[in-house]
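> To start, I am sharing the structure in question, which I have written as structure tokens.
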Amino acid sequence: MFALMKKGRIILMIILLAILIAVPVIYTMYNKPPDKVEDIEGVKVSVAQLADAYAADEAKANETYLNKAVIVTGVVSEVQNNQDGKLLIVLEDKVQCTLREKDAKAQAGNTITVKAFCTGSSLFGVVLSDGIIVN
């Protein structure tokens, strides 16, 4: 009977120790700040290459670009604010990029380079988010 109680205490101690180790690890992982695009090396690609990759094979393009930082240079064809008040620029009518900074400036007709996370494609073209202007 005493051996059974001793075994139960050991199991209880192991469970408590596992909880004490798991809680700080889970807390740290949950509260980890999101990656910033400027801290990640980006893949350089032209607007045409990015748009053509998604037009040809979306699944393959997702393997290459999805959730990765890309550096895209192109001519700004449209500038507008999105529902969050952030600047949304369209490059050559093929790539939409939402810029992180609300006070970022871009002008239609200018050639710019943006670095952003690729979030896939939509009916309106390839979508980039959390971008910054790098030129």
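> Roughly how big is the stretch 78-135's charge dipole about its Cα centre, with Cβ charges of +1 (Lys, Arg) and -1 (Asp, Glu), in debye to the nearest 20?
Working: 6 positive and 7 negative charges, 23 e Å.
Taking the Cα centre of the stretch 78-135 as origin, the dipole is about 120 debye.
> Still on this structure, I have one more. Would you work out what percent of the accessible area of the chain, with all protein chains in place, is carbon or sulfur (probe 1.4 Å)? Each step should come with its number before you reach the end.
Details: 5650 of 9290 Å².
Roughly 61 percent of what the probe reaches on the chain is carbon or sulfur.
> Under a 5 Å amide H to amide H cut-off, with H placed in plane at 1.01 Å, what residues pair with K68 once short-range neighbours are removed?
C118
> For the stretch 116-133 and the stretch 60-95, what is the separation of their Cα centres, given in Å?
A separation of 4 Å, based on Cα centres.
> Given +1 on the Cβ of Lys and Arg, -1 on the Cβ of Asp and Glu, and no further charges, what dipole in debye does the chain carry about its Cα centre, rounded to the nearest 20? Mind dumping the intermediate values first?
Values: 14 positive and 15 negative charges, 204 e Å.
In debye, rounded to 20, the chain gives about 980.
> Determine the dipole magnitude for the stretch 1-75: charges of +1 sit on the beta-carbon of Lys and Arg, -1 on that of Asp and Glu, nothing else is charged, the reference point is the Cα centre, and the result goes in debye to the nearest 20. Walk me through the intermediate numbers first.
On the way: 8 positive and 8 negative charges, 177 e Å.
My answer is approximately 860 debye.
> Can you list which of the chymotrypsin sites (Phe, Trp or Tyr not before Pro) found in the stretch 49-135 are DSSP loop residues with at most 13 other C-beta atoms within 10 Å?
Values: sites: Y54, Y65, F117, F124; in loops: F124.
Loop-located and lightly packed - F124.
> If you count only protein heavy atoms with a 1.4 Å probe, what accessible area per residue comes out for the stretch 73-135, rounded to a whole Å²? Please report the intermediate quantities before stating the final value.
Working: 3270 Å² over 63 residues.
Result: 52 Å² of accessible area for each residue.
> Express in nm, to one decimal, how much length is gained between D57 and T73 on full extension, taking 0.36 nm for each residue of separation and deducting their alpha carbon distance. Each step should come with its number before you reach the end.
Working: separation 16, 0.36 × 16 = 5.76 nm, distance 2.16 nm.
That works out to 3.6 nm of additional length.
> Something else now. For the stretch 57-135, count the residues as N, evaluate 2.2 N^0.38 Å, and divide the Cα radius of gyration by that value, please.
Numbers: Rg = 11.7 Å, N = 79, 2.2 N^0.38 = 11.6 Å.
My calculation over the Cα atoms of the stretch 57-135 gives 1.01.
> How far is it, in nm, from the label point at L17 to the one at K32 when both lie 7 Å from their Cα along the line to the Cβ?
2.6
> Using the Kirkwood formula on the Cα atoms of the chain, what hydrodynamic radius do you get, in angstrom to one decimal? Could you put the intermediate results ahead of the total?
Details: mean 1/r = 0.0573 Å⁻¹.
That comes to 17.4 Å for the chain.
> Now for a separate question. What number, in percent, do you get for the relative contact order of the chain if the mean sequence gap of Cα pairs under 8 Å and at least 6 apart is divided by its residue count?
Numbers: 232 pairs, mean separation 28.9, N = 135.
Relative contact order for the chain comes out at 21 percent.
> Indicate, rounded to the nearest 5 percent, the antiparallel portion of the DSSP beta bridges found entirely in the stretch 21-135.
Working: 22 of 31 bridges.
Rounded to the nearest five, the antiparallel share is 70 percent.
The values are calculated or read from the model by the stated rules, or taken from the named source; none is laboratory data. If you're wondering where the values come from, they're calculated on a predicted model, not measured in any experiment. All Cβ positions, even for glycine, are placed from backbone atoms using ideal geometry, and neighbour counts span all protein chains on display. Ligands, DNA and RNA are excluded from the accessible area calculation, which covers all protein heavy atoms including side chains. Shrake-Rupley method; radii C 1.70, N 1.55, O 1.52, S 1.80 Å.
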